[in-house]
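Read through the structure below, which is laid out as structure tokens, and then see the notes.
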Amino acid sequence: MFVILLHYVKPLAEVDKYLQEHRKFLDKHYAAGHFLASGAQVPRIGGVILAKSVSREELDVVLNEDPFYREDLATYQVIEFSPAKYAVGAEEWFS
């Protein structure tokens with residue numbers, strides 16, 4: 001499982017120009033089973049994506065498709081972890 005932290009490096013006005021395209025990118029990878037959750041950080045300095053079902057190499061290929069990456073709007077920090085504990089009912093997310 002991966003936590004991807006995006007940090008915007010351009011003004012929000014520039015980021016917002018690509019927001020719809022970014023959301024289509026997210027939808028594609030939700031449908032493929034790669035992403036579990038995503039959303040904006042608070043305050044809105046970037047975003048967070050939770051990913052599974054891909055290797056680190058596959059994830060790098062996926063993230064390269066993101067318009068925020070392509071347009072140099074954000075930097076990406078990828079954190080891989082192996083969940084050891086999780087809430088009852090969340091098994092399918094983390095298995």
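The values are calculated or read from the model by the stated rules, or taken from the named source; none is laboratory data. Keep in mind that this is a model prediction, so the values were computed, not measured. Here the Cβ is made from the backbone with ideal geometry for all residues, glycine too, and neighbour counts use every protein chain on show. Side chains included, ligands, DNA and RNA excluded: accessible areas come from the protein's heavy atoms. Shrake-Rupley method; radii C 1.70, N 1.55, O 1.52, S 1.80 Å.
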Taking the Cβ of Pro67 as the center, what net charge do the other residues with Cβ under 15 Å away carry, scoring Lys and Arg +1 and Asp and Glu -1?
-> -2
With every protein chain kept in place and a 1.4 Å probe, the chain has an accessible area per residue in Å² of 63 Å²
From Cα coordinates alone, what are the radius of gyration and Dmax values for the chain in angstrom?
-> 13.6, 41
With a cut-off of at most 10 other beta carbons within 10 Å, and DSSP calling the residue loop, which chymotrypsin sites (Phe, Trp or Tyr not before Pro) in the range 5-95 qualify? Please list them.
-> Phe81
Loop-resident sites, the range 10-95, for GluC sites (Glu not before Pro), counting at most 13 other Cβ within 10 Å (DSSP) = Glu65
Can you give the angle from 0 to 90° between the axis of helix 19-31 and the longest principal axis of the chain, with both taken from C-alpha atoms, to the nearest 10?
-> 20 degrees
With a Förster distance of 22 angstrom and the Cβ-Cβ distance between Thr75 and Leu12, calculated FRET efficiency to the nearest 0.05 equals 0.90
Partner aspartates and glutamates for Lys24 [C-alpha distance under 18 Å; skip if fewer than 8 residues away on the same chain] | Glu14, Asp16, Asp60, Glu65, Asp66, Glu71, Asp72
